[in-house]
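What follows is a short report on a single structure.
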Amino acid sequence: MKLIAIAAASVVLCMAGAAQAQMAGYSTAGRAYGEVGYTGLKISGSRADVQPGALRGILGYNFHPNFAVEGMLGFGVVKDDKDVTVGTTRVNVEGNVDYMYGLYLTPKAMLGPNFEVYGRLGYADTHLKNTATSGFFQSNHDKSGDDWSYGIGGNWHFSPTAYVGLDWMQYYDKNSTKIEGVTLGLGLRF
């Protein structure tokens, strides 16, 4: 059901944006671009929610002013931990994203001469590292998984080749684990 709603919103964005892109005289068709940004992640699990940080990069190519294909690669740069109680034992749970990567279809639309909105729909793979510590005992657990990934965002173009953007993405939602995040980034068109 979520995918149908996202697909419908993408079609509406494409149709609405085509006329606006022509009116603004703004064309990104045939242009490659790259983005780098900091992602504040939230990893929700069965025992504890942690909020590590990641450095995320996007490489994309605009096949049309309202459609691009993007590749994503991210690496964990900040760990987070939380104390939880299991039975009567206090446990410190530390979480970190080792890496994540994905491929996305990205419909987009210009809303005025400088502001762009977009949606992303694709598939992502994430690799998590978790450590649980209680007293002298420590357990390390690596978890890797892939899932449908989607999100929405906006870019403000402050020059013909540069922009700042903010987006929300869901990277993974399976087996009682959910990974989502907000990214603030800087982009350049080549």
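The values are calculated or read from the model by the stated rules, or taken from the named source; none is laboratory data. Here the structure is a predicted model, which is why all the values come from computation and not from measurement. Glycine also receives a Cβ, built like all others from the backbone with ideal geometry; neighbour counts cover every protein chain displayed.
Key figures for this structure:
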quantity: Residue list for segment 125-144, restricted to those being out of contact with any Leu (no Cβ under 8 Å at 6 or more places or on another chain) and surrounded by 12 or more Cβ atoms within 10 Å (Cβ to Cβ); calculated: 125, 126, 127, 128, 129, 130, 131, 132, 133, 134
quantity: Qualifying positions in segment 115-124 - under 12 Å from residue 148 (Cβ atoms) and surrounded by 20 or more Cβ atoms within 10 Å (Cβ to Cβ); calculated: 120, 124
quantity: Filtered residues of segment 22-49 (kept if at pLDDT below 95, among the small types (Gly, Ala, Ser) and not in a helix (DSSP H, G or I)); calculated: 25, 27, 29, 30, 44, 45, 46, 48
quantity: Residue match in segment 86-93 (condition: of a type in the set (A, V, I, L, M), modelled with pLDDT of 95 or more and more than 18 Å from residue 148 (Cβ to Cβ)); calculated: no
quantity: Subset of segment 138-190 [in contact (Cβ under 8 Å) with a residue 40 or more places away in the chain, touching a strand residue (DSSP E or B) at 6+ places or on another chain (Cβ under 8 Å), over 28 Å from residue 63 (Cβ atoms) and among the polar types (S, T, N, Q)]; calculated: 177
quantity: Check on residue 131, over 21 Å from residue 32 (Cα atoms) and either in contact with a Gly (Cβ under 9 Å, 6 or more places away or on another chain) or part of a strand (DSSP E or B) (or both); calculated: yes
quantity: Matching entry among 97, 182 (being assigned to a strand (DSSP E or B), surrounded by fewer than 21 Cβ atoms within 10 Å (Cβ to Cβ) and among the β-branched types (Val, Ile, Thr)); calculated: 182
quantity: Of all residues making up segment 143-170, the number that are closer than 12 Å to residue 115 by Cα and either hydroxyl-bearing (Ser, Thr, Tyr) or touching a Lys or Arg at 6+ places or on another chain (Cβ under 6 Å) (or both); calculated: 2
